[in-house]
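I have placed the structure first, in the form of structure tokens, so that the comments after it can refer back to it.
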Amino acid sequence: MNRKPKFSPAGFCAGLVLATGAGILCPVDAVRAQADFEGIWMHNVPLSTLARVSSELGLTRAGQADWDRYEPQDDPLFRCIMPGVPRGITDPYLLEIIQQEHQIVMLREYFHQVRRIYMDGREAPEHWPLSMSGYSTGRWEGETLVVTTTHLSPDNAMNIQGHPFSGDEHTYVIERYTRTGDELRMEAVVHDPAFYQEPHAIEFGWELAPDEEIWTYECDPRFGDFMIEADP
Amino acid sequence: MTFGDRLQTCRDAPVTDRDALPANTHRTRLATILVALVAANIHPVAAHHSTMFFDINAEVVHENVTVVDFVVANPHGVLIYVVTDDGGNEVRWQAELPSGNFTRRGGISASMLSPGDRLPTVVCWPGIPGLVRANTSRLKSMEFPNGDVATFTPVSAELTKGSE
């Protein structure tokens, strides 16, 4: 697959703007305004703000049934399975962002997660497999990065508390990232109509941490659930 | 593929800073465990997966314990130790640490303790029976033989020198 199209809409429209002075002829995305998100980021939001009372999540009947079956000791993190999307978009580990013309790469210290956000208009190929991180595409709305993620795994959870997530074909996540000074803010909405009566909103934030270094994250499942009471 | 979406805010849970340690804690000695059987799904501050298993409103304090093992690993490390109870019996406990990454960033490594070392004080959040194995807790702080003190939250560790 050609990841860098030979014809650049941005270049064409930029030229057209110069030639005609009529920028309104070009779609906003083509003459895109961008922000610089590159760097290493450290979360600056107390994790307690992410806590949700399950009774107030607005679960559907199917969502409530799934939650009723949930056992904390079944948390896949105990088996060294990475959190992915949506659960892992608010993890407390360092985040590094690398921006390229055709993709933005989010590297998370937590489980060495690599997440590619394709910026060149592509869509997921047919038969793209479901995964914990899904398939992400992005676009700019002014200086806001808007990320759409589909192909999400039903083995995932909504958040660190393990709240339900169906991962069916109707689930998707929209994230909006904006930068103000050295702060990065994310406003996300998780669409999961099978389990939630309304889209589920999540907010998080980071601050630039240029002196930090992303560490490796070697996970040893022997030290995941060794303390958890197993079912008799 | 384009999607319309509306941003909703649903801050319906009381917000407290889970990362800060509780201001008022009840200190108990040895094997006394105060259990608040609050189901994890209604605890307003259970925002970390493993803290759902521990009672953050209680404390267990053990003194003069003997280290059996000290592991710094991901997703969680562990301090295993033996403490003598009021009846003179040696009781084995295991206390969960934050991730190896957070622990090491706090200046704490596995090499700082060896089997047989004596720790003056170990303070933990007790495990919730039925969810964790017996004598299991979450490490809140521990004093090293040299007087240094390590303190922990679910996502951090800090080492304070004994001379400070």
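Per-residue answers, yes or no, for (1) in contact with a Lys or Arg (Cβ under 6 Å, 6 or more places away or on another chain); (2) away from chain B (no Cβ under 13 Å); (3) within 30 Å of A:P46 (Cβ to Cβ):
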site: A:G138; (1), (2), (3): no, no, yes
site: A:G142; (1), (2), (3): no, yes, yes
site: A:T149; (1), (2), (3): no, no, yes
site: A:E169; (1), (2), (3): no, no, no
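Listed here are the residues, each with its yes/no results for (1) within 30 Å of A:E213 (Cβ to Cβ); (2) in a strand (DSSP E or B); (3) at pLDDT 95 or above.
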position: B:Y81; (1), (2), (3): no, yes, yes
position: B:V91; (1), (2), (3): no, yes, yes
position: B:L139; (1), (2), (3): yes, yes, yes
position: B:S163; (1), (2), (3): yes, no, no
What residue, among those in the stretch A:202-219 that are among the aromatic types (F, W, Y) and within 20 Å of the chain's Cα centre (by Cα), is farthest from the other protein chains (Cβ to nearest Cβ)? A:W206
Going through the stretch A:151-167 one residue at a time, which ones are more than 11 Å from every other protein chain (Cβ to nearest Cβ) and within 18 Å of A:M82 (Cβ to Cβ)? A:H151, A:L152, A:S153, A:P154, A:D155, A:N156, A:M158, A:F165, A:G167
Single residue of B:F102, B:F70 found to be at pLDDT 95 or above, surrounded by 17 or more Cβ atoms within 10 Å (Cβ to Cβ), outside any strand (DSSP E or B) and among the aromatic types (F, W, Y): B:F102
Could you check A:G121 against (1) assigned to a helix (DSSP H, G or I); (2) within 14 Å of chain B (Cβ to nearest Cβ) and say which number it fails? (1)
Taking the condition crowded, with 17+ Cβ neighbours inside 10 Å and touching a Pro at 6+ places or on another chain (Cβ under 8 Å), does A:L145 pass? no
Identify the residue in the stretch B:132-146 that is touching a residue at least 40 places away in the same chain (Cβ under 8 Å) and basic (K, R) and, among all such residues, is surrounded by the fewest Cβ atoms within 10 Å (Cβ to Cβ). B:K140
Taking the stated definitions as given, is A:R116 over 30 Å from B:G127 (Cα atoms) and either of a type in the set (D, E, K, R) or touching a strand residue (DSSP E or B) at 6+ places or on another chain (Cβ under 9 Å) (or both)? yes
Looking at this structure, is A:H127 surrounded by fewer than 15 Cβ atoms within 10 Å (Cβ to Cβ) and away from chain B (no Cβ under 12 Å)? yes
Filtering the stretch B:129-146 for residues that are in contact with a Cys (Cβ under 7 Å, 6 or more places away or on another chain) and aliphatic (A, V, I, L, M) leaves a count of 1
Taking the stretch A:156-202 only, how many residues are crowded, with 22+ Cβ neighbours inside 10 Å, hydroxyl-bearing (S, T, Y) and in contact (Cβ under 8 Å) with a residue 60 or more places away in the chain? 2
Just name the residue that is nearest to the other protein chains (Cβ to nearest Cβ) out of those in the stretch A:94-117 that are under 16 Å from the mean Cα position of the chain (by Cα) and without any contact (Cβ under 8 Å) to a residue 40 or more places away in the chain. A:R108
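The values are calculated or read from the model by the stated rules, or taken from the named source; none is laboratory data. Source: prediction; values computed, not measured. We place every Cβ from the backbone using ideal geometry, glycine too, and count neighbours over all the protein chains shown.
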